[in-house]
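Just below is one structure, and these are the notes that go with it.
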Amino acid sequence: MKVKMLSRNPDNYVRETKLDLQRVPRNYDPTLHPFEVPREYVRALNATKLERVFAKPFLASLDGHRDGVNCLAKHPKSLATVLSGACDGEVRIWNLTKRKCIRTIQAHEGFVRGICTRFCGTSFFTVGDDKTVKHWKMDGPGYGEEEEPLHTILGKTVYTGIDHHWKEAVFATCGQQVDIWDEQRTSPICSMTWGFDSISSVKFNPIETFLLGSCASDRNIVLYDMRQATPLKKVILDMRTNTICWNPMEAFIFTAANEDYNLYTFDMRALDTPVMVHMDHVSAVLDVDYSPTGKEFVSASFDKSIRIFPVDKSRSREVYHTKRMQHVICVKWTSDSKYIMCGSDEMNIRLWKANASEKLGVLTSREKAAKDYNQKLKEKFQHHPHIKRIARHRHLPKSIYSQIQEQRIMKEARRRKEVNRLKHSKPGSVSIVPEKKKHIVAVVK
């Protein structure tokens, strides 16, 4: 005789303690849940609405500078340390956790044009309008000692930017030319130039560390190879590029901040067409910095706002502004990918969240699970018109809003003109230029 026994494991339905939730057996067969999608849609809608309700990105304002903040630098080893240089020649070192200035140096006469940290984090370099490059210790002077730089290099021309090599004791400055310096020497190892105009910024590639890029006021973006001590190639755009930033995850990709209100992401192997044109600003873009993940970047503009762009999208996912914030000169994304800092004309450094509605502090496991679930729901229903409208909506200052409307009208007029010209011309006589190629004048190798 066969005896059938029912065996149930108590682990599947008995609580471990009285504080735990009751365990409920679930059958996930879709035929048993005919209203699953409408229910999920309502949850996605509520999650999207709550995200906009809790979107409070502004964290703190660091004040203390007596002139506009001109440049920022991150500490490579410490998340809490930030360096800033102002237009009156003052350099300040800040502690972000205490939100206080921990050291002040009168580094230069006139503007501090550039600031960068050494890869080990023990010292930093500054350049200014007084034609000097100064090397400073990161730690303050001891009791009774004066604030003195470790080295001072006096140049022949004004230096407009500086960047340090990611692995070696080498740094690059730019002005009338790009100079590569050894830290122990007072004259450059090599000088590279292509054209006669002043170069506004220079950046080392974080992956292929011997490559650097620079942008000049004659609308060029020039790429150099330190091993050959010669320029590799350059791309000429319609308008001047203010600065570039390399993608920290993809060696060939860099993004250029341009005067024509756009940002251009290039692949250095094919400079004739940008990978993506990022359009949302309504005035010149002054600075750009990548997130450490390489998936997004933040841009600072003359239109008194900062925007966060996904690398593969032409429109920004977020715009930050305040009533008091004036023209934003410089911007940096912190090394933990959570915060953004920007320095602006009215002497303040502002700290923002990278995800506007993110809850700061430690999350419990249930909070994490709810957050992940809501994120998946939002992704699932992101193209539904109602949810898309709520997720995309941002309040903008009246000046930016009216400029966007004005530019939309101008763009539509240009499009109509092109369509009419094409319509009333002989077939083949008018070539159609794609949007990506419109702003590229030439590539020189």
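The values are calculated or read from the model by the stated rules, or taken from the named source; none is laboratory data. On a predicted model such as this, the values are computed, not experimentally measured, just so you know. Here the Cβ is made from the backbone with ideal geometry for all residues, glycine too, and neighbour counts use every protein chain on show. Please note that ligands, DNA and RNA were not included when accessible areas were found on the heavy atoms of the full protein model with its side chains. Shrake-Rupley method; radii C 1.70, N 1.55, O 1.52, S 1.80 Å.
Using only Cα atoms and rounding to the nearest 10 degrees, what angle (0 to 90) does helix 398-423 make with the longest principal axis of the chain?
Result, in degrees: 90.
Go through the range 131-144 residue by residue and turn each phi into a ³J(HN,Hα) via Karplus (6.51, -1.76, 1.60, θ = phi - 60°); whole Hz please, and just put x for glycine and proline.
Ordered by residue, 3J(HN,Hα) equals 6, 10, 10, 10, 10, 10, 6, 6, 7, x, x, x, 4, x Hz.
Using a 1.4 Å probe and ignoring any ligands, DNA or RNA, find the accessible area of residue 15 and quote it in Å² to the nearest 10.
90
Would you please name the chymotrypsin sites (Phe, Trp or Tyr not before Pro) within the range 232-295 that are DSSP coil residues with at most 16 other C-beta atoms within 10 Å of their C-beta?
Working: sites: 246, 252, 254, 261, 264, 266, 290; in loops: 252, 261.
Answer by residue number: 252.
What accessible area, in Å² to the nearest ten, does a 1.4 Å probe give for residue 437?
Solvent-accessible area, nearest 10 Å²: 90 Å².
Place a point 7 Å from Cα of residue 388 in the direction of its Cβ. Which residues in the range 311-326 have their backbone N less than 19 Å from it?
312-318
Once every DSSP H run of n ≥ 4 in the chain is given -39500 (n - 2.57) and the sum is divided by its residues, what mean residue ellipticity at 222 nm do you get, rounded to the nearest 500 deg cm²/dmol?
On the way: 4 runs with 68 residues, N = 445.
Result for the chain, helices only: -5000 deg cm²/dmol.
If r is the Cβ-Cβ distance from residue 364 to residue 336 and R0 is 22 Å, what FRET efficiency results, to the nearest 0.05? Before the final figure, lay out the partial values.
Working: r = 21 Å, r/R0 = 0.94.
For R0 = 22 Å, the calculated efficiency reads 0.60.
Within the set 77/137; 388/411; 131/233; 353/398, which residue pairs have Cα atoms separated by over 21 Å?
Numbers: 77/137 15 Å; 388/411 24 Å; 131/233 28 Å; 353/398 23 Å.
Correct reply: 388/411; 131/233; 353/398.
Could you state the accessible area per residue of the range 152-281 in Å², with a 1.4 Å probe and every protein chain left in place? Please report the intermediate quantities before stating the final value.
Details: 5120 Å² over 130 residues.
Spelled out: the 1.4 Å probe surface of the range 152-281, per residue, equals 39 Å².
Relative to a virtual label point 7 Å from the Cα of residue 148 in the Cα→beta-carbon direction, which members of the range 66-108 show backbone nitrogen distances below 20 Å?
91, 104-108
Considering amide H positions built from the backbone, and no H for Pro or chain starts, which residues 5 or more places from residue 131, or on another chain, come under 5 Å of its amide H?
159
Where a Cα-Cα gap under 12 Å defines reach, which aspartates and glutamates qualify for residue 359, not counting those fewer than 8 residues away within the same chain?
Of all the aspartates and glutamates, those that pass the test against residue 359 - Cα under 12 Å, at least 8 places apart if same chain - are 51, 367.
Working with all protein chains in place, sort 381, 35 by solvent-accessible area computed with a 1.4 Å probe, largest first. Mind dumping the intermediate values first?
Details: 381 25, 35 140 Å².
Highest to lowest solvent-accessible surface, that is 35, 381.
Can you tell which of 409, 360, 375 lies farthest toward the positive end of the dipole of the range 335-445, using +1 and -1 charges on the Cβ of basic and acidic side chains (Lys, Arg; Asp, Glu)?
Result: 409.
Quick check: residue separation of residue 269 and residue 43 times 0.36 nm, minus the Cα distance between them. What number comes out in nm?
On the way: separation 226, 0.36 × 226 = 81.36 nm, distance 4.51 nm.
The span from residue 269 to residue 43 would gain 76.8 nm if fully extended.
Scan (i) 34.1; (ii) 22.8; (iii) 26.5 for the value of mean projected area of the Cα convex hull in nm² calculated from this model and give just the label.
The calculated read-out lines up with (i).
Can you list residues from other chains, or at least 5 along the same chain, whose modelled amide H is less than 5 Å from the amide H of residue 286?
It is 300, 301, 302, by chain and number.
Heavy atoms of the protein only, probe of 1.4 Å, neighbouring chains included. What is the accessible area of residue 37 in Å², nearest 10?
80
Determine the share of the chain's accessible area contributed by carbon and sulfur atoms, expressed in whole percent, with a 1.4 angstrom probe. Numbers along the way, then the final one.
Working: 13640 of 25210 Å².
In the chain, the share of accessible area belonging to carbon and sulfur is 54 percent.
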